[in-house]
Structure formats: structure tokens, C-alpha cells
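The values are calculated or read from the model by the stated rules, or taken from the named source; none is laboratory data. Note that this is a predicted model, so its numbers are computed, not measured. Every residue, glycine as well, gets a Cβ built from its backbone with ideal geometry; the counts of neighbours run over all protein chains shown. Each accessible area value is taken on the protein alone, full model and side chains, heavy atoms only, with ligands, DNA and RNA left out. Shrake-Rupley method; radii C 1.70, N 1.55, O 1.52, S 1.80 Å.
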Amino acid sequence: MWKWRNLSVSLVHSLLTGIWAVACVVQHPVMVHEISTTFTPSAYMLVVVSSGYFIQDAGDIIFSGYAKASWEFLLHHVMVIWCFLYAVFTQEYVAGAVVALFVEVNSVFLHTRLLLKLAKVAPNSYIYTVNKLLNVVTYVTFRLGAQFYLTWYLIHHYSSLNHALYFLTTMMLMNIMILIYFYRLLRSDFFSKSRPHNSGRKFAED
């Protein structure tokens, strides 16, 4: 029951913030080029809302007794929270946080994948197959694309950005994590036989 509730909340967050982030950049394309200084009320509110979600989700994992099994996701949440709260309190890097939230477009399909697994939908079913293909495509375009763009931006403009080392270190750690997750995703959905369900983790599969 906890997994259903937790993943459902995460899916709603991804639907809301993924669409919102893309809309912010469509309305103000300069965000992509000036990630530390561009500010709009809508973008700022998006970062506030998303920060609240990550704090809530981290607390939910801890107080529900899944902290040890889901330590990787807690580490991810902590890194996101400390970057987003910096943007919230200083009003700098708001645009950077918006670009980072492009990953939530992919998270829609990641969360849907896990809900389908919880529902015991067959991996060879039409809905699962379509979702896993969209998951891989959006992982490359929205998740890896956004992360690597921000990493490149921080390196390219390192000398002119405030606290660049703070953000670049975080981005490099997250890049390692998402590449590991991508490998696990491909291995699980495309290159391996079904494995036993592990009920101790937050997610049904890696």
C-alpha cells in the first residue's frame, strides 16, 4: 500500500512539474542560456513546489521505514534539496533548477513503469512495451540531456558563476548516479530475464 501511495504522489509531481518546467522555458527561452540570473515568478514558484515535494518524499521514505533500503534515492533527494533551497533562498539559479526539472518528463514514465510492475502487468504487454520505449527515449533526451547540458554550462561558465564548485560537484555526483540507473534500467527491461521482486526497496525494480 505504501508503495502505491508513494509512487502515485511521485507521478503527480512529475506530471505537474515536468509540464510546468517545459512551459517556463518555452515562455522564456533565455533561461537555458542564463541559468543563474534569469528569474520569473512562475519559475520561482515551480522550484518552491518541487522543493516541498522532495522534502516530503524524503520524510515519507524515512518515517515509513524504507530509509536503509532506499538510501540511493534519499541521497538523490538530499542533493536536489540543497541545490533547490539555495535557489529558493537566494533567488539565484532558479532557471537552472527549472532546466533540471526537465528530468521529470522522464520520471512520468519511470513511475508509470514501477506502478505497472506493482500491478503485475506482463512485461510483454502492449502498455508496458510502449511505456518502456518512451521511458528510454525520454531518459536520454530529458534526463541525460538536461543533466549533461547543465554540467557543460557550469564548466564552460565556471569562472563567472557564483558557487560554481558547489553546483558542479553535485552535478557530477548525480551524473554518475543517473548513468548507473540507466544501465540498470536497460539491463532490467531489455537484456535480462525477470528477477524476483524485492519488497524491501522503495521501487519494485532498479
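Brief remarks follow.
- Charging the Cβ of each Asp and Glu at -1 and of each Lys and Arg at +1, and nothing else, the dipole of the chain about its Cα centre rounds to 920 debye.
- Local electrostatic count at Val80 - Lys and Arg +1, Asp and Glu -1, tallied over other residues with Cβ under 12 Å: -2
- The count of lysine pairs in the chain with alpha-carbon distances below 19 Å, taking only pairs 8 or more places apart or on different chains, stands at 12.
- Length gained on full extension, Ala67 to Arg5, computed as 0.36 nm times the residue gap minus the Cα-Cα distance: 20.7 nm.
- For P(r) over Cα pairs in 10 Å bins from 0, in percent, calculated from these coordinates, the label among (i) 8, 35, 36, 17, 4, 0; (ii) 7, 25, 31, 22, 12, 3, 0; (iii) 8, 25, 26, 18, 12, 7, 3, 1, 0: (i)
- Folded to 0 to 90 degrees: helix 103-118 orientation relative to the chain principal axis, Cα: 10
- Share of carbon and sulfur in the accessible heavy-atom surface of the stretch 48-206 [1.4 Å probe, %]: 71
- Rounded to 10°, Cα long-axis angle of helix 145-156 versus longest principal axis of the chain: 30
- Summed over the residues of the chain and divided among them, the accessible surface reaches 50 Å² per residue at a probe radius of 1.4 Å.
- Calculated FRET value between Phe182 and Val48, using beta carbons and R₀ = 41 Å, to 0.05: 0.90
- Within the stretch 87-109: backbone nitrogen closer than 18 Å to the Val137 label point (7 Å, Cα to C-beta): 103-109
- Helix 2-27 and the longest principal axis of the Cα set of the chain meet at an angle near 40°.
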